[in-house]
Structures are given as structure tokens and as C-alpha cells.
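Enquirer: First the structure, which I've put down as C-alpha cells, then a few questions once you've had a look.
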Amino acid sequence: MGSVGILLLGMCGFVDLALADETQSGVVGHEGPILQVLLSLVVIIVAGRIGGDIALRLKQPEVLGELIIGVVLGNLALFGFHYFEYIKHDQTIAVLSELGVLLLLFQVGLETNIKEMLKVGPSSLIVAVLGVVAPFFLGWGVAAYFVPDGSTMLHAFIGATLCATSVGITARVLKDLGQIQRPEAKIILGAAVVDDVLGLLVLAIISAIIQAANKGSAIESFAILKIVFISVGFLFAAILIGGFLSPWIFRGARHLRSHGILLLMSLGICFGMSYLAGIAGLAPIVGAFTAGLVLDPVHYVDLKKRNRNATIEELLEPLSTFLVPIFFVLMGAKVDVSHFAHLDILGFALVLTVAAIVGKQICGLGVLEKGYDRWAVGLGMIPRGEVGLIFASIGLSLSLHGERIIDAGTYGAVVVMVMLTTMVTPPLIKWRFLRNMV
């Protein structure tokens, strides 16, 4: 850890000299912003790799290290180092981080097999519903207790952040353990996908209620049904229509001789469906995930041959390796640790974590098949990961009558919950899935 501290201090000096040099040289106009973005990228890339490396050495997911190193960067001002403050407010970096999230959910969709999930569909559906309802009301109750003066929308929004499951983190752990083909694993993955969609649906409804309240009106039941219809309708229509069109799109792409056409067409589909999801009133990540679901390797066999048989996932890896950590480092940087000097906020974070864990254990009761390990399913649903962070970051952007729904202290508590649920899941899954294989 000493070498890490030295490297961070070195980065501070480098940034200080770079900013001073930029100021003295009078860099203005179009060159100033690009230089600042380049410097921000250097800091985020180096810091993200340091955090990820430390996490891996401790046998934890890289995302946890990226979050923690982001927290460190974002709070160095408390120790007199103000060099990294501008990163938190850089709009270009914010856009790059959002692209990283889209790629991440796109990759999760690519790794998800719809047919395999349908085999345990009923159990996955019930587990998913329980995994949304129980955490939602537990989170609502915890928020109401710790923030009694907060609005009902705040309490509901905190409940919504507990709904989602990080399918990416769970899938990675199960894959590394060689347990991805276990029936419990398929139930977990199927349920994680469904409860992310249900969680996004809850988020869309809450956001619509907030928007209506800001206009001085109440949202009608018909409007809520419209949101549900659009959300569910978009998902099914995107899967059906996208699954029908994607073979034709790739078939037409075979006639294009452009270099990297498979990657470019895949990104086009991903960003196009993300845009359509946004137009439909959903989070763009829903469109990115759906795009991953509809792209089947059988549709682009010929294009694979032109790329040395590389799959879309393999082609995306360098791009996602660059962009995805930007999101996690930036989200960590937005956490103001000074709020944790207040015991009520720290207590809020810990109790919220307990509610997040307990809520997902309840969903294990939804496993219908006899002989399946319900505890394994519940433990696999614990991590909130990137989806929980996405929910919280959306909350930071919403306001009710001029006041933000989620303030800095509440956001920090949610991020701590995400970190803790992400950290405890890998050892718990390993213990439960391998306990009978000794």
C-alpha cells in the first residue's frame, strides 16, 4: 500500500505541474478543454488500474477497487490536495462514463442465453418478483426511519436502489468457480435480469411521479399503466423485432468491406436500441442490455471469419476495458466521506446494507424445484454493483421542487451499501456452491 500512496502523490505532483503549465502558457480556446480531458483520462486510467489490482490481490472484484480508489481521489481535498476536484464536474468525462455503462450492460446481455433461462423461467420469475418487492419495502422503511424529514419520493427511491441485482458480478463469480451450468446459477442469472428490468420499471414510475409533482399535478393511474405498458412492451418488442432484424442486418453487413465492420455494426445496434429506449422513457441501459440479448453468434458467422473468429464480446473487450472503469471511478469520486463523520449517516449505510442482504434472502423462497439450494440463490442475488450505482446516480440528477431527491450524504450511504454487498458476495457464493464438493 505504501507504493500506491507514493504513486498517488506522484500523480498529484504531475497534475499540479500540468495545470500550472497550462495556466502559465495561456492555453485557451479549443485546446484547453481537450488537454483537461486528456489529463483526466490519465488520472482515471492509472488510478482505476491501481484500485483494480489491489482488489484482485485481495481476491475481490475489480469494480470494488475502482470504486474505492474513486472515493480516495474524490476526497483528497480533505487533506489539502485539490488537484482532482475538476474530474467530478467534467462533462466530457461524464459522457464517457455513461458510454461505459452502456457497454457494460451490452456485454451482460451478450453473455445471457434466453433459451437457457426459460428452462427455469417460473422459478426465476418468482425469485425476481420477491427480489424486488422485499428489498423495495425494506429500503423504504429504513429510509423513512433514518431520514424522517425526507420526502416520500426519497424513501421510495432508496427502496428502488435496493431492487436490482448485479448480474455481471454474480455471473463473473459463478463462471470463475466453474458453477455457471448449475440450475441454481441459471435461476440466479434469469432472476437477476428480470429484477433489473422490474427495478428499472419502478424507477421509471417514481421518476414520472416526481416530474408530475414538479409541474404541480399528480400522476394518474392511467399514466402509470402507460409506463408499465411502454416498458414491458418495449422489452418484448425489442427482443422480438431485434431478433428478427439482426440476422438481416449482419447479412447485409457482409457486403461491406470496411475494416472492423462486426464491431461497428454491433455498437450501432447497441447505441441505436439505447436511444430508442430513451425515447420510450426508459433508461438507455435497458436498450443496451436488450441489444445484447438479441445478438446471436449464429447471425454473424461470416463476419467472425473476417475477424479471425473473434466474437463480439472479444472485440468489445479493449473498448470496455477503457470506458467501463471510468464510470466506477467517477461514481466513487462523487462520494463525500466527510458525511461519514456523522454517526447517523454511517448507521444508515450499515442498516441499509443489512436490509439489502435480508431482502434478497427472502427471494430464495421463490425457487419451485425440489432439491435446489434456496440459500445459494438468495446469496447470489445480493450484489447491487453497477446497477445500484446507476439508480443512485439517476437520483442525484432528479429534484423535487428545486431540491435534489438524493443528497450527498444519502448517496454516500447507498454507495457504501453497494460496496459492502459487492464485497461479501464472492466469498459467500464460493462457500455455498462448493460446500458439498469437498
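Enquirer: From the residues in the stretch 343-363 that are over 20 Å from the mean Cα position of the chain (by Cα) and surrounded by 24 or more Cβ atoms within 10 Å (Cβ to Cβ), which one is farthest from ALA156 (Cα to Cα)?
Expert: Residue satisfying both the conditions and the ranking: CYS363.
Enquirer: Let me ask something else about it. I'd like the residue in the stretch 19-64 that is at pLDDT 80 or above and of a type in the set (Lys, Arg) and, out of all such residues, is surrounded by the most Cβ atoms within 10 Å (Cβ to Cβ).
Expert: Here the residue is ARG49.
Enquirer: Here is a follow-up. Among the residues of the stretch 375-400, write down those that are free of Cβ contacts under 8 Å to residues at least 60 places away in the same chain and either surrounded by 18 or more Cβ atoms within 10 Å (Cβ to Cβ) or not in a helix (DSSP H, G or I) (or both). Give the derivation first.
Expert: Filtering the stretch 375-400 down to residues free of Cβ contacts under 8 Å to residues at least 60 places away in the same chain leaves 375, 378-379, 397.
GLY378, LEU379, listed by residue number.
Enquirer: Is there a residue being over 14 Å from the mean Cα position of the chain (by Cα) and β-branched (Val, Ile, Thr) anywhere in the stretch 383-396?
Expert: no
Enquirer: If you check VAL127 against the conditions, is it modelled with pLDDT of 85 or more, in contact with a Cys (Cβ under 6 Å, 6 or more places away or on another chain) and in a helix (DSSP H, G or I)?
Expert: It is true that VAL127 is modelled with pLDDT of 85 or more, in contact with a Cys (Cβ under 6 Å, 6 or more places away or on another chain) and in a helix (DSSP H, G or I).
Enquirer: Could you please find all residues in the stretch 80-114 being assigned to a loop (DSSP other than H, G, I, E, B) and either of a type in the set (S, T, N, Q) or surrounded by 22 or more Cβ atoms within 10 Å (Cβ to Cβ) (or both)? I'd like the intermediate steps shown before the answer.
Expert: Step one: filter the stretch 80-114 for residues assigned to a loop (DSSP other than H, G, I, E, B), giving 80-84, 90, 111-113.
Passing the criteria: PHE84, THR112, ASN113.
Enquirer: Next up: Looking at the stretch 155-169, which of its residues are surrounded by fewer than 24 Cβ atoms within 10 Å (Cβ to Cβ) and within 20 Å of the chain's Cα centre (by Cα)? Write out each step before concluding.
Expert: Here is the first cut: in the stretch 155-169, the residues surrounded by fewer than 24 Cβ atoms within 10 Å (Cβ to Cβ) are 155-156, 168.
ALA156, GLY168, listed by residue number.
Enquirer: Still on this structure: Return only the number of the condition from (1) assigned to a helix (DSSP H, G or I); (2) over 21 Å from VAL63 (Cα atoms) that LYS370 does not satisfy.
Expert: It is condition (1) that LYS370 fails.
Enquirer: Hey, another quick one. Only one of these is among the aliphatic types (A, V, I, L, M), in a helix (DSSP H, G or I) and modelled with pLDDT under 85: LEU303, LEU316. Name it. It would help to see each step written out before you state the result.
Expert: Details: LEU316 fails: modelled with pLDDT under 85.
Just one listed residue meets the conditions, LEU303.
The values are calculated or read from the model by the stated rules, or taken from the named source; none is laboratory data. Small disclaimer: the values here were computed from a predicted structure and weren't measured. Note that we place each Cβ from the backbone using ideal geometry, even for glycine, and neighbour counts take in every protein chain shown.
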